[in-house]
Each structure stands twice: as C-alpha cells, then as structure tokens.
1. Please turn the phi angles of segment 207-221 into ³J(HN,Hα) values with the Karplus equation 6.51 cos²θ - 1.76 cosθ + 1.60 (θ = phi - 60°), one per residue in order, whole Hz, x for glycine and proline.
2. Taking θ = phi - 60°, what integer Hz values does the Karplus form 6.51 cos²θ - 1.76 cosθ + 1.60 yield along segment 252-268, in sequence order, with x for Gly and Pro?
3. Pop out the ³J(HN,Hα) list for segment 139-156 in order, Karplus 6.51 cos²θ - 1.76 cosθ + 1.60 with θ = phi - 60°, rounded to Hz; leave Gly and Pro as x.
4. With r defined as the distance between the Cβ atoms of residue 287 and residue 60 and R0 fixed at 41 Å, what FRET efficiency is calculated, to the nearest 0.05?
5. How much of the calculated P(r) for segment 145-184 lies past 13 Å, in percent of all Cα pairs?
6. Between rounded, prolate and oblate, where does the chain land on the alpha carbon gyration tensor, with a ≥ b ≥ c its root eigenvalues, rounded for a/c under 1.5, else prolate if a/b exceeds b/c?
7. Return the long-range amide H neighbours of residue 210 (sequence gap of 5 or more, or a different chain), with a cut-off of under 5 Å between placed amide H atoms.
8. What is the dipole size for segment 7-150, taken about its Cα centre, with +1 at each Lys and Arg Cβ and -1 at each Asp and Glu Cβ, in debye to the nearest 20?
Amino acid sequence: MGQTKGLSSRVLTDCGIVVALSVVLVLISFYIPVLGTLATMIWAVPVMALVLRRGIFPAILSVLVSAVVSILFAGVVGGILSAAWIGFFGLIYGVCFRKKISPLSTLAAGTIAAGIIMVITLAIGAILGVFSFDGLTATLRESVQQTLSMYESAGILDQLLPQGMTAAEYGDEILSIMMTLLPAVFILYGMASAALNYLFAALILKRLNFDITPLPPFREWHFPWWIMWAIVVALVAYLMGTQWDGGYYHQIALNIIYLYLPIFLVSGVSMVAWTLYTCRAKTATKVMVWLAVILLIRFSLPLLLILGALDPLLDYRKIWNRNPNKKS
C-alpha cells in the first residue's frame, strides 16, 4: 500500500508540474507577442510527456485543471480555447506517440483534431460574442480597400483591374472570394498548427529521451487513397449546385478543393524528390530540375498538383517496386 501511495504521489507531482508549465505557456502566448507565437507551438508538449510517462487519465486531469487555472488568468474564453488546443494536441499526439502509431498517421490525426478545434473555437467565440462574421467581413473589406488604394497610389491599379470593371466592383469580387474560402482558410491554419506542433513536439520529446518514431524522409511521403473521397464529395457538391443553382453547394466544393491544393502540392513535390532519388540523379541535375520548377512555376505548379492528386490513387512507388526490370 505504501508503494501505491508513493506512486500516486509521483503521479500527482508530475500532474502539478504539467499544469504549471501549461499555464505559464498560456500566459506567454497571451501577453508576450513574439514569444507567444512560439509558445503556441510547444504548449501541448508537457501534456504529451505526461501521457508517455503516466498514461491518458492523469493527462486528462491535468488538462482540466489547466483550463480552470487559465480561466482565472486569461478569462473564460481564453482559458477554454487554450485548454482545448493544449488538450486536443497533447492527448492525441501523446496517445499516438505512446502506441507507436506511424508518424504520418499521427500527423493526420492531429490535422483532424485541428479542424475540430477550429470549429470549437469559432463556435465558442460566436456564442460569447468574441467572434463575429460581420466584424470579420468589415475587417476584410477595409483590408481590401487599403490594398487597392496602395496599388492606385503606385499607379498599377489600372493594370490589375479586369476589363470593364471598376475598382469598387473588383474589391467586392475579391471580398466575395475571400468570404467563400474562409472555412478552408481556418482549417488550413489549423493544419499548419498541427504540423508545427508535431514537429516541435517530436524534437523536444526526443531531446528528453522519449522513444519517438521519426518522420520518414520527405521523398517517402505518400498519402493514402481514401483521402480522395473528399474530392468525390466536392465533385458531387459542384454537380448538385449546377443542377439546382445552389451557391451553397458550390461553396462547399470550392472550399474542399482549396483545402486540398497544399496537400496535392506536397504530394507532387515529394514525388519529384523520390523520382530524382530513385533515378540516382546527380546533384547538378537535381539543382537544375528544382530551378526549372521554381522559374517555370506557372507551368510546373499545375503539373505538380496533378501529379500529387494522382499519387494517392496510383501509388507510383508501389508500381516501381513491383517492376522486375526497375534496375535496368
């Protein structure tokens, strides 16, 4: 019984340390501008470490206590939202690290969690009156007007305007596109946060001597075929919008496509890197290829997107490995 009591004391001590570190990082993220951005990239690491050391239930307890303490210092909205980010990333990544789930699957789980967190953040902000779409629209409109005014002062606005369109109409069109793609922008922000949290967490936890499976080389990054189901949903939504003249369906389709563009781009670039590596291209050849990709971005970008979109379906690497004449 004494051993159990001692073990419980150690667990509570670890929980207390994690709560203290989490609250400090939350306060830094709110009150120190430069360090605050970095703090949001590592504030879930203490929870991950606790999951690896003690399991999921002490980590959940620490997240709840951190939320209560954060509310006292950062307010109700700030405390709840910061605890949501810390809890989702900390618990999901911690469990994935503990169960030795593959790095890309772990990153995918974090990306899904980021999307959920963004929805929770927007919902809580709207309910409590902190976030308003009307206010966001006004802010974006002002930003567009300032940008157009800057172009006009530089004397290049006339060159940018489509034929037969005034500056006001062009600004309204840009604003409409921005509002249409706003859900995808929020989700992309969450995806970027998930990726950065993963990279920082893996780096720090390795330094703390935790056994973390490293990410595969970039050239080996391959997305599973089932991610293409979202593209099928986008196509169906587009066809439904065309059939029934529904702008809502078109908005869903555009957001899904916009959301997948960076995924396809990463997949395409990874495929090119794998091809150069597999063909044993010399350094000079690699430099020339990547320079051509950058300098001819207008042509190379669509090709990379198409290549990246086909890779989950065709799996070029598997086809290559099955080819008995690949050495020749």
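1. Coupling constants for segment 207-221: 5, 8, 6, 7, 7, 10, 5, x, 5, x, x, 4, 5, 9, 5 Hz.
2. 4, 4, 5, 5, 5, 5, 4, 5, 8, 4, x, 5, 5, 5, 4, 5, x
3. Once θ is set to phi - 60°, the couplings for segment 139-156 become 5, 5, 4, 5, 5, 5, 5, 5, 5, 5, 5, 5, 5, 5, 5, 7, x, 10 Hz.
4. On the way: r = 50 Å, r/R0 = 1.22.
Rounded to the nearest 0.05, the efficiency is 0.25.
5. Details: 419 of 780 pairs.
Cα-Cα pairs of segment 145-184 separated by over 13 Å account for 54 percent.
6. Details: a/c = 2.03, a/b = 1.22, b/c = 1.67.
Here the chain falls in the oblate category.
7. Placed amide hydrogens put nothing under 5 Å from residue 210.
8. For this selection, approximately 620 debye.
The values are calculated or read from the model by the stated rules, or taken from the named source; none is laboratory data. The structure displayed is predicted, hence computed values, not measured ones. A quick note on method: Cβ atoms are made from the backbone with ideal geometry, for glycine too, and the neighbour counts reach across all protein chains shown. Heavy atoms of the whole protein, side chains included, go into the accessibility calculation; ligands, DNA and RNA do not. Shrake-Rupley method; radii C 1.70, N 1.55, O 1.52, S 1.80 Å.
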